[in-house]
Amino acid sequence: MSSSNVTTSGLEKEKNSFDTKAIWRTFWILLVITLFELIVAIIYFETHFFPKHILNGVFIIMTLAKAFFIVAEFMHLGHEIKNLIMTIAIPACLFIWFIIAFLWDGSSFHTLRMRYDGYQLQQSKTIVKPAEHKEEGKKPGKE
Amino acid sequence: MAHSVPVGQKWWSGGKSPFNVEYGKLMMWYFLMSDAFTFGAFLISYGTIRFSSYSWPDPNEVFRSFPVIGQMTVPLAFVSLMTFILIMSSVTMVMAVGAGQMQDRKAVMKWMFLTILGGLAFLGCQAWEWTHLYHEGAWWGRNPFMNINGTQSSTNFSNFFFTITGFHGFHVFSGVIINICMLIKTWRGDFEKTGHYLMIEKAGLYWHFVDLVWVFVFTCFYLL
């Protein structure tokens with residue numbers, strides 16, 4: 001391996017690799033995505049124009065896009081070598097299982113409650129007026 | 001930083017760092033990984049509980065206040081401002097890292113100072129929001145907000161909100177402390193002596209991670 005000439009050029013490249021323009025571009029992307037989310041959320045709040053679960057999908061995709069830009073550009077991971085990217089990206093894939101498994105568990109719990117927990121079922125159908133709305137009863141151990 | 005990246009390098013043949021970064025930076029990445037799973041566990045347990053509940057309060061109703069303008073209904077405007085502040089301070093942090101790579105001590109100090117200001121502004125906003133919600137009657141174990149469909153709500157909403165934003169706020173707080181230490185070290189010329197500003201880069205990684213987590217907290221609590 002002829003490393004001597006590569007070493008210096010690598011160093012030079014590193015010094016000049018800091019790209020202010022790319023940072024500001026990332027900033028604008030993040031800002032625009034956030035504003036878009038905000039506007040869509042407000043439109044939904046005012047009009048209930050589209051189904052909420054589709055909107056949630058949009059929000060999650062936007063969030064993942066923002067996360068990608070922060071990690072790749074601000075944290076510079078996109079410019080590191082593949083080994084480093086993989087040592088972070090592969091364990092992060094555990095989140096896919098983590099999210100699916102536990103949300104599934106939650107929704108299963110919901111189904112079971114609605115089937116077997118009479119109190120919960122009744123509560124889920126009882127509309128209370130804002131004036132009647134009260135906080136939950138005191139928990140044991142609380143004064 | 002000072003490593004070369006030759007093309008066709010055999011990374012795993014021994015005698016060199018297969019990740020091509022300095023030890024501390026690699027360990028910072030692994031720490032952030034573990035921290036990501038801690039936050040992930042919090043947010044996913046929030047999701048599990050929310051999925052198991054028959055209904056949930058509407059964030060647009062809960063988070064609609066803005067200081068000075070008062071009780072005007074501007075849903076999510078304040079939290080968007082907080083998001084903007086945090087993204088902005090992430091940008092100034094990258095600028096500090098860039099200045100460090102240029103060995104420009106004055107510029108590093110300037111950008112670190114701005115980053116710290118951004119962090120403090122975010123903490124101030126969060127303090128205002130917490131105080132506001134507290135005066136509306138929300139706290140751990142207390143939830144004054146009704147479910148979106150008008151049914152009786154549980155305290156899960158406020159418990160998760162205060163725990164997770166509190167844990168994130170604590171990260172911001174420790175990030176500000178770390179950044180202040182880095183600013184002092186830069187000012188004393190410690191990094192000029194060692195010849196590199198890698199510590200700034202490591203503090204920067206942590207700071208961006210805090211921003212990254214906020215992106216998810218923002219979505220989970222305020223948008224979904």
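Put a dot 7 Å past the Cα of B:Ile177, heading toward its Cβ, do the same for A:Ile90, and the two dots end up 3.5 nm apart. In terms of distances greater than 25 angstrom between alpha carbons, the cross-link table entries A:Lys82/B:Lys25; A:Lys52/A:Lys125; A:Lys82/B:Lys202; B:Lys16/B:Lys185 yield B:Lys16/B:Lys185. Listed from fewest to most Cβ neighbours within 10 Å, the set A:Cys93, B:Cys220 follows the order A:Cys93, B:Cys220. Exposure proxy for A:His79, B:His171: other Cβ atoms within 10 Å of each Cβ, ordered fewest to most, give A:His79, B:His171.
Starting from 0.36 nm per residue, how many nanometres of slack lie between A:Phe98 and A:Phe49 once their C-alpha separation is accounted for?
Using 0.36 nm per residue and subtracting the Cα-Cα distance, I get 14.4 nm.
Charge dipole of the range B:23-223 (Cα centre as origin; +1 on each Lys and Arg Cβ, -1 on each Asp and Glu Cβ, all else neutral): 460 debye, rounded to the nearest 20.
Shown here: the range B:124-224, whose C-alpha atoms stretch 64, 24, 17 Å along the first, second and third principal axes, sorted largest to smallest.
Rounded to the nearest 20, the Cβ-based charge dipole of the protein assembly as shown about its Cα centre (Lys and Arg +1, Asp and Glu -1) stands at 340 debye.
Entry note: the range B:149-195 has Rg to Rh equal to 1.46, where both radii use alpha-carbon atoms and Rh is the Kirkwood radius. Taking max minus min of the alpha-carbon positions on each principal axis, the range A:15-92 gives extents of 51, 30, 10 Å, largest first. Among B:Lys193, B:Lys110, B:Lys16, the largest mean-square fluctuation in a Gaussian network model of chain B, built with springs joining Cα atoms closer than 10 Å, belongs to B:Lys16. A simple rule links phi to the HN-Hα coupling: the Karplus curve 6.51 cos²θ - 1.76 cosθ + 1.60 with θ = phi - 60°, which for the range B:162-169 gives 6, 5, 6, 5, x, 5, 5, x Hz, with x for Gly and Pro. If you wrap the range B:100-156 in the convex hull of its Cα atoms and look at it from every side, the mean projected area works out to 6.3 nm².
If each DSSP helix of 4+ residues adds -39,500 (n - 2.57) and the sum is divided by the residues in the protein assembly as shown, what number results at 222 nm, nearest 500 deg cm²/dmol? Helix contribution divided over all residues of the protein assembly as shown: -23500 deg cm²/dmol.
Putting +1 on Lys and Arg Cβ atoms and -1 on Asp and Glu Cβ atoms, find which of B:Leu43, B:Ser13, B:Ala138 reaches farthest to the positive end of the dipole of chain B. Projecting each Cα onto the dipole axis, the largest value belongs to B:Ser13.
Couplings 3J(HN,Hα) of the range B:91-106, computed from phi: 4, 4, 5, 4, 4, 4, 4, x, 5, x, 5, 7, 6, 9, 5, 4 Hz, in residue order, whole Hz [Karplus 6.51 cos²θ - 1.76 cosθ + 1.60, θ = phi - 60°; x for Gly and Pro]. With a cut-off of 15 Å on the backbone N, the residues of the range A:24-55 near the modelled label site 7 Å out from B:Ala107 along Cα-Cβ are A:24. Legend: translational diffusion of the range A:47-112 by Stokes-Einstein, Rh = Kirkwood radius over C-alpha pairs, 25 °C, 0.890 mPa s; D = 168 µm²/s.
Here the alpha carbons of the range B:23-223 define both size measures, Rg and Dmax, at 19.1, 64 Å.
For the protein assembly as shown, what value does the Rg/Rh ratio take when both radii are computed over Cα atoms and Rh is the Kirkwood radius, given to two decimals? Using only Cα positions, Rg/Rh for the protein assembly as shown is 1.03.
Our coupling estimate for the range A:114-120, obtained by passing each phi through the Karplus curve with A = 6.51, B = -1.76, C = 1.60 and θ = phi - 60°, is 5, 8, 10, 9, x, 4, 4 Hz, Gly and Pro reported as x.
Quick note: the coordinates plus some simple rules give every number you see, no bench work behind them. Only a predicted model underlies this, so the values are computations on that prediction, with no experimental measurement involved. Heads up, the Cβs are rebuilt from the backbone with ideal geometry, glycines too, and the neighbour counts pull from every protein chain shown.
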